[in-house]
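The values are calculated or read from the model by the stated rules, or taken from the named source; none is laboratory data. These figures come from a predicted structure and were not determined experimentally. Quick reminder, even Gly has a Cβ in these numbers, built from the backbone with ideal geometry, and neighbours come from all protein chains shown. The protein model used for the area step is the full one, side chains on, heavy atoms only, and it has no ligands, DNA or RNA in it. Shrake-Rupley method; radii C 1.70, N 1.55, O 1.52, S 1.80 Å.
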Number of protein chains: 2
Amino acid sequence: MKPEYINPFIASTLEVFSTMLHCELRRGELSLNDHFQPEHDVSGIIGLTGRASGTVVVSLENAVACHAANAMLGEMPDSVNADVIDAAGELTNMIAGKAKADLEQLDMCLAIPTVITGKNHLISFGSSAQTISIPYTCDWGRLSVEVGIVEKG
Amino acid sequence: MKPEYINPFIASTLEVFSTMLHCELRRGELSLNDHFQPEHDVSGIIGLTGRASGTVVVSLENAVACHAANAMLGEMPDSVNADVIDAAGELTNMIAGKAKADLEQLDMCLAIPTVITGKNHLISFGSSAQTISIPYTCDWGRLSVEVGIVEKG
């Protein structure tokens, strides 16, 4: 995966949280992974295809997911309910959508997001796709964004 | 989601299991879901985009995932290890790939598969995407394939 493909995702995550949720993120150290253990509880996953194939995973702690749903819907959920799942899917969609606009040379389209919930779920990209993980913290807790993009041969 | 979009996925799942794994599947009753609780332990997820956006989830019981890895790699894993995760991703890729060939009017491309492991993970498509679930049984155990496809407006 080319390093220049990661910058649009870093920028789009900061921008979506700031403008849509009024939440400022602090970014941690990037890491290269071929196997991804989210420490978080709610993960949105979305595929992208075009001149390259990619997948984006946005993993949130429960508290971050609930606060994000509150910021989007104006009501604080008391657990990870259908509204929180919809908010996590929409957030994943927006982060991937803004990044793809900055990767216009790859001419990508978005698939339908899915949202995984449940403690201790493990998300793997398989051994053929190298991915980059971007950790963030904010006043609500922790989250991370994981991106894998493979150019077509 | 148009019902005629589901037949290619029914056919491709049967064909991939039969030809690649020498395993004959028995299909159960289709159901419409907007919320999907896989009872299984290993789920491959892949996005498709083109004239429509879609996502396919292939959920396997641990025993089915291990037997599938054995059939593909010639060695029976004693737990859900990296080989099993790779096999589940490749299986998801093949099922979605064969189905997309039969949906040529939608001109779809595949994103990168991810594989979710862990007991009690819940996969949701969000309230905006109606999906169809296809359950199967085989001599190794149970599996299901969940498909959501949304045509572009």
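Summary table below
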{"read-out": "Within segment A:82-116, considering residues that are under 14 Å from the mean Cα position of the chain (by Cα) and of a type in the set (S, T, N, Q), the one nearest to A:Leu60 (Cα to Cα)", "value": "A:Thr92"}
{"read-out": "Given (1) within 15 Å of A:Ala111 (Cβ to Cβ); (2) buried (at least 16 other Cβ atoms within 10 Å of the Cβ), index of the condition B:Arg51 fails", "value": "(2)"}
{"read-out": "Flag if A:Ser59 is closer than 21 Å to A:Ile10 by Cα, open to solvent by less than 50 Å² (accessible area, probe 1.4 Å), hydroxyl-bearing (Ser, Thr, Tyr) and out of contact with any Phe, Trp or Tyr (no Cβ under 8 Å at 6 or more places or on another chain)", "value": "yes"}
{"read-out": "Given (1) of a type in the set (Asp, Glu); (2) farther than 30 Å from A:Glu151 by Cβ; (3) open to solvent by less than 30 Å² (accessible area, probe 1.4 Å), number of the condition B:Asp139 does not satisfy", "value": "(3)"}
{"read-out": "Any hit, segment A:90-99, residues being more than 28 Å from B:Met1 (Cβ to Cβ), more than 10 Å from every other protein chain (Cβ to nearest Cβ) and of a type in the set (Val, Ile, Thr)", "value": "no"}
{"read-out": "All positions within segment A:76-113 that are surrounded by fewer than 24 Cβ atoms within 10 Å (Cβ to Cβ) and over 20 Å from A:Ala11 (Cα atoms)", "value": "A:Met76, A:Pro77, A:Asp78, A:Ser79, A:Val80, A:Asn81, A:Ala82, A:Asp83, A:Asp86"}
